[in-house]
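What follows is a short report on a single structure.
The values are calculated or read from the model by the stated rules, or taken from the named source; none is laboratory data. Model, not experiment: these values are computed from the prediction. Heads up, the Cβs are rebuilt from the backbone with ideal geometry, glycines too, and the neighbour counts pull from every protein chain shown. Remember, those area values only see protein heavy atoms, side chains included, never the ligands or the DNA or RNA. Shrake-Rupley method; radii C 1.70, N 1.55, O 1.52, S 1.80 Å.
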Amino acid sequence: MKLSEKIIEGLLWLAATITILVTIGIIWVLLSGSIPFFQKVSIIEFITGTEWTPLFAKKEFGILPLVAGTFLTTAIAIAVALPLGLTIAIYLNEYAPARLKSTIKPVLEVLATIPTVVYGFFALTVVTPFLQGFIPNLAGFNALSAGIVMGIMIIPMISSLSEDAISAVPKSLREAAYGMGSTRLQTAFKVMVPAASSGIIVSVILAISRAVGETMLVAIAAGQQPRFTLNPLVPIETITTYIVQVSLGDVPHGSLEYRTIFAAGLVLFVFTFALNNLSFWIKKKYQEKYD
Amino acid sequence: MSKKQIKLEARDINAYYGDFHALKGINVAMEEKTVTAFIGPSGCGKSTFLRIFNRMNDYIDGFKTEGEILLDGENIYAKNVLVDELRKRVGMVFQKPNPFPKSIYENVVYGLKIQGMSNKAALAEAAEKALHQAALWNEVKDNLNKSALALSGGQQQRLCIARALAISPSVLLMDEPASALDPISTAKIEELIHQLKEQYTIVIVTHNMQQAGRVSDTTAFFYMGELVEHAKTKTIFTNPKDKRTEDYITGRFG
């Protein structure tokens, strides 16, 4: 009895430790790959340069075009997902009858289970041709349709987490709002959403983090042309897409070109790490304490 | 007392939670500017009945009401009644203080703001008046921008009363407003009720019979979804007609 408990305890400890070790390992790989890169290329040039052409004859190592591409697709995605996701969350919470709510929520979550490669093809073969009907100069690969479809993809993240946050607001506050003669809309926007704001912000940050790290969708639909632009109509390249391009290409291992993906990966890691920590901090600091 | 107008009247109220018959054929009339206490053991329907008067039960799944509630002679369950308009006339204070997670000031002016009032001076004046009425002004006047959640329980409850008063309702429903408070805060709330009845018609649900005796003009005793007896508070406590009322107020059950 005693021995078996010790074994179980040991296994649990091992599981936890492996997770931590893997994380440390990833950071170590990123750093050890980027350090030789930064011995050749100055960090200043890397973070301020506006040309990214490591695979061309004339090599430039400015990460800004990739950052701009990532920012652009992410911003479009959030612009789509935030209003829709929040509207859905409020609808489910304040208006939808219980039975409808229990149907809609799982259906929405199906959106999150669709493989991202499917979303990529959807953007490339459906959304882009559709948009070209309105925007004739829209390129075949572009940030706009990739961003819109990515927005659809992360709606469930925002709607689901925001809905949880609004549900967690004590019922007594809703009663107080109704008791003051608030309409449902006023109850939702003046009381429930502000009271749930920390949870809603956290849901948005996690969605941003997801969008920043999204790879397959943008690799398929947004193009592979690093461009320092905020024009959503032309092909761009995100950090993630570049990493895929190099990993799958015929760049020799150990070369400077190859090492760029570690540097790019490090940038990506810093972004998502910062976002996740920010959400953790907001959750801790601003969560209203109800007894 | 007879010269006063009837403010609120319930006619043949039956209410159901699904199949459960929660209120059984209740008829009662309350005069304006009086305090009526609803007493009775837990589960007797007194809180459910209180919430009938501002239609707070409307959102409960499976809840059904039959009968009429007349407010100034008009049925609040009539088809053309707007519930949010009704609730501006019938304010409510809940069992547990439930201020919004906003500043003290924002709590008090909430009701006025949602009605579209935006004049800063008028809002500030209304806030001060409501806080005076709720006997909270002197304690919070220097901290109006402080979070309402930082107040003590008793202060929060008086803030909720101020919030309700700010939109000038004519009826105030109070659902065990002092049950979560310490004796000093309770005494303050009771004193407040005494002052408020000069302007408002107050209905208070309470578990505390001494409290009913101290604050109310008339008392209604509920038992198992029925209104057993409604009379002047003094009569209920000294000379109840029904055996069940007598048993309850003498502490034989409940």
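Would you call A:PHE141 more than 14 Å from chain B (Cβ to nearest Cβ), assigned to a loop (DSSP other than H, G, I, E, B) and touching a residue at least 40 places away in the same chain (Cβ under 8 Å)?
Here the answer is yes, as A:PHE141 does meet what is asked.
Looking at B:ALA78, B:ALA130 in this structure, which one is part of a loop (DSSP other than H, G, I, E, B) and either open to solvent by 10 Å² or more (accessible area, probe 1.4 Å) or more than 11 Å from chain A (Cβ to nearest Cβ) (or both)?
On inspection, the qualifying residue turns out to be B:ALA78.
Within segment A:1-17, how many residues turn out to be open to solvent by 90 Å² or more (accessible area, probe 1.4 Å) and in a helix (DSSP H, G or I)?
Going through segment A:1-17 one residue at a time, the tally reaches 10.
So, in segment A:128-138, exactly how many residues are touching a residue at least 24 places away in the same chain (Cβ under 8 Å) and open to solvent by less than 30 Å² (accessible area, probe 1.4 Å)?
So in segment A:128-138, the residues touching a residue at least 24 places away in the same chain (Cβ under 8 Å) come out as A:128, A:135, A:137-138.
Narrowing the set further to residues that are open to solvent by less than 30 Å² (accessible area, probe 1.4 Å) leaves A:128, A:138.
Result for segment A:128-138: 2.
Quick test for you: out of B:ASN119, B:ASN145, pick the one residue that is touching a residue at least 12 places away in the same chain (Cβ under 8 Å) and away from every other protein chain (no Cβ under 14 Å). Before you say what the answer is, go through the steps one by one.
Working: B:ASN119 fails: touching a residue at least 12 places away in the same chain (Cβ under 8 Å).
Answer to the selection: B:ASN145.
Per-residue answers, yes or no, for (1) assigned to a helix (DSSP H, G or I); (2) polar (S, T, N, Q); (3) within 14 Å of chain A (Cβ to nearest Cβ):
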position	(1), (2), (3)
B:ALA10	no, no, no
B:ILE13	no, no, no
B:GLY43	no, no, no
B:PHE49	yes, no, no
B:THR65	no, yes, no
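With respect to B:LYS88, is the statement that it is facing chain A (nearest Cβ under 8 Å) and open to solvent by 40 Å² or more (accessible area, probe 1.4 Å) true?
Taking the combined requirement at face value, the residue does not satisfy it.
In this structure, does B:SER179 turn out to be at negative phi, assigned to a helix (DSSP H, G or I) and modelled with pLDDT under 95? Even if it seems obvious, please write down each step before you answer.
Details: at negative phi: yes; assigned to a helix (DSSP H, G or I): no; modelled with pLDDT under 95: yes.
Criteria not met by B:SER179.
Quick grid of which residues meet (1) among the aliphatic types (A, V, I, L, M); (2) open to solvent by 10 Å² or more (accessible area, probe 1.4 Å):
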{"site": "B:LEU144", "(1), (2)": "yes, yes"}
{"site": "B:THR186", "(1), (2)": "no, yes"}
{"site": "B:THR201", "(1), (2)": "no, no"}
{"site": "B:VAL205", "(1), (2)": "yes, no"}
{"site": "B:THR235", "(1), (2)": "no, yes"}
{"site": "B:THR250", "(1), (2)": "no, yes"}
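From A:ARG99, A:ARG184, grab the single residue that is charged (D, E, K, R) and in contact with an Asp or Glu (Cβ under 6 Å, 6 or more places away or on another chain).
A:ARG184 is the lone residue from the list that is charged (D, E, K, R) and in contact with an Asp or Glu (Cβ under 6 Å, 6 or more places away or on another chain).
Give the residue, chosen from A:SER247, A:SER255, that is over 30 Å from A:LEU138 (Cβ atoms) and either within 14 Å of another protein chain (Cβ to nearest Cβ) or among the polar types (S, T, N, Q) (or both).
A:SER255
If we keep just the residues of segment A:179-194 that are among the hydroxyl-bearing types (Ser, Thr, Tyr) and within 7 Å of chain B (Cβ to nearest Cβ), which is nearest to B:VAL90 (Cα to Cα)?
A:SER182
Would you tally the residues in segment B:182-214 being part of a helix (DSSP H, G or I) and more than 20 Å from B:THR250 (Cβ to Cβ)?
Adding up the residues that qualify gives 14.
So which residues in segment B:217-228 are open to solvent by 10 Å² or more (accessible area, probe 1.4 Å) and assigned to a loop (DSSP other than H, G, I, E, B), if there are any at all?
Within segment B:217-228, B:ASP217, B:MET224 qualify.
Kindly indicate the residue of segment B:91-116 that is of a type outside the set (A, V, I, L, M, F, W, C), within 11 Å of chain A (Cβ to nearest Cβ) and not in a loop (DSSP other than H, G, I, E, B) and also surrounded by the fewest Cβ atoms within 10 Å (Cβ to Cβ) among those meeting that condition.
B:LYS113
Let me spell it out: the conditions are (1) within 17 Å of B:PHE100 (Cβ to Cβ); (2) in contact with a helix residue (DSSP H, G or I) (Cβ under 6 Å, 6 or more places away or on another chain); (3) within 12 Å of another protein chain (Cβ to nearest Cβ), and B:PRO169 meets all of them except one. Which number is the exception?
(1)
Confirm whether B:ARG214 is within 12 Å of chain A (Cβ to nearest Cβ) and either open to solvent by less than 10 Å² (accessible area, probe 1.4 Å) or under 19 Å from B:ILE236 (Cα atoms) (or both). Explain how you work it out, then say what you get.
Details: within 12 Å of chain A (Cβ to nearest Cβ): no; either open to solvent by less than 10 Å² (accessible area, probe 1.4 Å) or under 19 Å from B:ILE236 (Cα atoms) (or both): yes.
So B:ARG214 does not fit the description; no.
Across segment A:170-228, which residue is surrounded by the most Cβ atoms within 10 Å (Cβ to Cβ) among those that are among the basic types (Lys, Arg) and under 30 Å from B:ARG51 (Cα atoms)?
Restricting to residues being among the basic types (Lys, Arg) and under 30 Å from B:ARG51 (Cα atoms), the top hit is A:ARG174.
Being under 24 Å from B:PHE100 (Cβ atoms) and either small (Gly, Ala, Ser) or crowded, with 18+ Cβ neighbours inside 10 Å (or both): is that true of B:VAL140 here?
Considered against the rule, which asks whether it is under 24 Å from B:PHE100 (Cβ atoms) and either small (Gly, Ala, Ser) or crowded, with 18+ Cβ neighbours inside 10 Å (or both), B:VAL140 comes out as yes.
Here are A:ILE158, A:ILE166: which of them is within 14 Å of another protein chain (Cβ to nearest Cβ), in contact (Cβ under 8 Å) with a residue 40 or more places away in the chain and closer than 30 Å to B:LEU149 by Cβ?
Within the list A:ILE158, A:ILE166, the selection yields A:ILE166.
Residues that are of a type in the set (D, E, K, R) and either over 24 Å from the mean Cα position of the chain (by Cα) or loosely packed, with under 13 Cβ neighbours inside 10 Å (or both): list the helices (runs of 4 or more DSSP H) wholly contained in segment A:21-122 that include at least 2 such residues.
Once the helices (runs of 4 or more DSSP H) in segment A:21-122 are filtered for at least 2 residues that are of a type in the set (D, E, K, R) and either over 24 Å from the mean Cα position of the chain (by Cα) or loosely packed, with under 13 Cβ neighbours inside 10 Å (or both), what remains is A:98-111.
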